Amino acid sequence: DGRLTFYPGNQTVDLPFINFMKRYGTVFLNAYTNSPICCPSRAAMWSGLFTHLTESWNNFKGLDPDYVTWMDLMEKHGYRTQKYGKLDYTSGHHSVSNRVEAWTRDVDFLLRQEGRPMVNLTGDRKHVRVMEADWRNTDKAVSWIKKEAINLTQPFVLYLGLNLPHPYPSPYAGENFGSSTFLTSPYWLEKVTYEAIKIPKWSSLSEMHPVDYYSSYTKNCTGDFTKQEVRNIRAFYYAMCAETDAMLGEIISVLRDTGLLKKTVVIFTADHGELAMEHRQFYKMSMYEGSSHVPLLVMGPGIKEQQQVPNVVSLVDIYPTMLDIARIPVPQNLSGYSLMPLLRGEAENGVSPRGPRPSWVLSEFHGCNVNSSTYMLRTGRWKYIAYSDGSSVLPQLFDLSEDPDELTNVAIKFPVIVHSLDKILRSIVDYPKVSSSVQEYNKRQFISWKQSLGQNYSNVIANLRWHQDWLKEPKKYESAIDKWL
């Protein structure tokens, strides 16, 4: 969650290496994902293009595998490149359940797709390496810097993708049932200031926006939670962020020890945030700040120190920025703009051949746990969220300067602002048309999947992550799908 990298969010957990990057570099106060879920978000970051342009609709459908990323271009221009850890921008790693839930989101049923969020404390005060796979990848990256990067005659670009801070699968409910355990050890939990943890306010279920209600239900969050449960989920999430920060620390330390830190640009960001029980939800897949607002910190030669940038930026800006750093000509068709003028502390002028950076960012979502394509435009104090075709589901408007927790939808109060923001949104993306092509794609994919199963279809669909609900009335849910098709 990007808000943990600056005040007041950073009061809740100790993130020493994020703070180090702030002291010696620049932090963006309003950086957003272009799609709040792993694969589509990473597709935007690696391609520099909005989600509707790459058609990376869900965690199964990302970039085409032969897509030329910024790293491919840097390699072509003489950079030594190395990737470790989670990449996840083409597809494939996500379960059948994840796909089917995304395809069937327009079906007229409500089924819990996730395990109820819970916490699990493991090990003792000496247990540092909770997420072992991430630590192994961090070790590989550290070793590569020590053994390879230090001896290179050419410039290098190293990418390290971590899975943390991400809830873990819940084994207690069977492999298929949700990824919903916030797991940490006492060592990391001690980095969290419990008194500073804010318990989010919730609307009553009957007052929720219909799309929020659907998300809350499918994420298994509509039941009762005590304040202590909510506080714990948030605390364990922050502890997982502290462990992530320590991995960043390993990279910064090895760059310092090898003498490379002063001549290396370091960028820290994320594919999306975590709601951690805000708006009665956990996970991502939402345009609320906890899910869509990402961290973005940059330090290195030529980058202004102790700078906080208020401009709205997003992950599509990484592509042109990387090329700018490497002095490689930037393609004209990109959705993003180079961050270098902002990072150098310059006033942005029209030097870019494409003109000045726009005053808005776009995020969109077409995957599971949300029963409508969603489009978010953030500009100035406003966040405008439109759904589906723009008329069948009511939009939301939040004034982030007055209402940072996004508790009051003021769309009805400010029709003129809604109208003008909707006009801007439609000039960027013909969103009713995109929503309709996603609906067609979902049906096509579902039908071909169904046909591939033959006689096994009824058994397979009943035993996906929603099996606890489905198996109570399998005929009812199958016929709802037939009706939708």
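Accessible area of region 291-412 with a 1.4 Å probe: how many percent of it is carbon plus sulfur? Don't skip to the answer; put the middle values down first.
On the way: 2400 of 4640 Å².
Ligands and nucleic acids excluded, carbon and sulfur reach 52 percent.
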| task | Report, by chain and number, residues whose modeled amide H sits under 5 Å from the one on residue 161, excluding near sequence neighbours (fewer than 5 apart, same chain). | result | 84, 85, 86
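What does the charge add up to near residue 397, with Lys and Arg as +1, Asp and Glu as -1, over the other residues with Cβ less than 15 Å from its Cβ? Working shown, then result.
Working: positive: 378, 381, 383, 413, 423; negative: 212, 289, 399, 402, 403, 405, 406, 422.
Net of charged neighbours comes to -3.
So what is the calculated 222 nm ellipticity per residue for the chain, using -39500 (n - 2.57) for each DSSP H run with n of 4 or more, over all residues, to the nearest 500 deg cm²/dmol? List each step's numbers first, then the result.
Numbers: 17 runs with 172 residues, N = 485.
For the chain, the value works out to -10500 deg cm²/dmol.
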| remark: A student asked for the Cα radius of gyration and Dmax of region 368-465 in angstrom ought to give 18.2, 56
| Where Rh denotes the Kirkwood radius from the mean inverse Cα pair distance, what is Rg over Rh for region 167-289? | 1.06
| task | Please give the contour-minus-distance gain from residue 458 to residue 444: 0.36 nm per residue of separation, less the Cα-Cα distance, rounded to one decimal in nm. | result | 3.2 nm
| query | Dividing the convex hull volume of the alpha carbon atoms of region 244-322 by its residue count, what do you get in Å³ per residue? | reply | 120
| request: Give the share of C-alpha pairs in each 10 angstrom bin for region 16-360, from 0 to the last occupied bin, in whole percents, shortest bins first. | output: 5, 23, 34, 25, 11, 2, 0
| note | Contour minus Cα-Cα span, residue 121 to residue 224, at 0.36 nm per residue, comes to 34.9 nm
| remark: Taking Cα pairs closer than 8 Å and at least 6 residues apart, the relative contact order of region 16-360 in percent is 29
| message | Taking all protein chains in place and a 1.4 Å probe, what share, in percent, of the accessible surface of region 175-224 do carbon and sulfur account for? | response | 49
| message | Need the list of lysines near residue 22 for cross-linking: C-alpha distance under 20 angstrom, and skip anything on the same chain fewer than eight residues off. | response | 191, 262, 263, 304
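Please compute the length gained on full extension between residue 83 and residue 163, using 0.36 nm multiplied by the number of residues separating them and subtracting their Cα-Cα distance. Intermediate values should be presented prior to the final figure.
Values: separation 80, 0.36 × 80 = 28.80 nm, distance 1.41 nm.
In short, 27.4 nm is gained.
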| note | Relative to the chain, whose Cα atoms define the longest principal axis, helix 227-257 and its Cα axis are tilted in degrees, nearest 10, by 30
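For the chain, give the magnitude of the charge dipole about the Cα centre (Cβ charges: +1 Lys/Arg, -1 Asp/Glu; no others), in debye to the nearest 20. Write down the numbers at each step before the final one.
Details: 52 positive and 51 negative charges, 124 e Å.
Rounded to the nearest 20 debye, it is 600 debye.
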| query | Quick one: Cα centre-to-centre distance for region 375-410 and region 80-119, in angstrom? | reply | 25
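Per residue, how much accessible surface does the chain expose to a 1.4 Å probe? Answer in Å², no decimals. Write out the running numbers ahead of the final one.
Values: 20600 Å² over 485 residues.
I get 42 Å² per residue for the chain.
The values are calculated or read from the model by the stated rules, or taken from the named source; none is laboratory data. On a predicted model such as this, the values are computed, not experimentally measured, just so you know. Here Cβ is always computed from backbone atoms with ideal geometry, including for glycine, and neighbour counts include all displayed protein chains. SASA here: full protein model, heavy atoms, side chains in, ligands and nucleic acids out. Shrake-Rupley method; radii C 1.70, N 1.55, O 1.52, S 1.80 Å.
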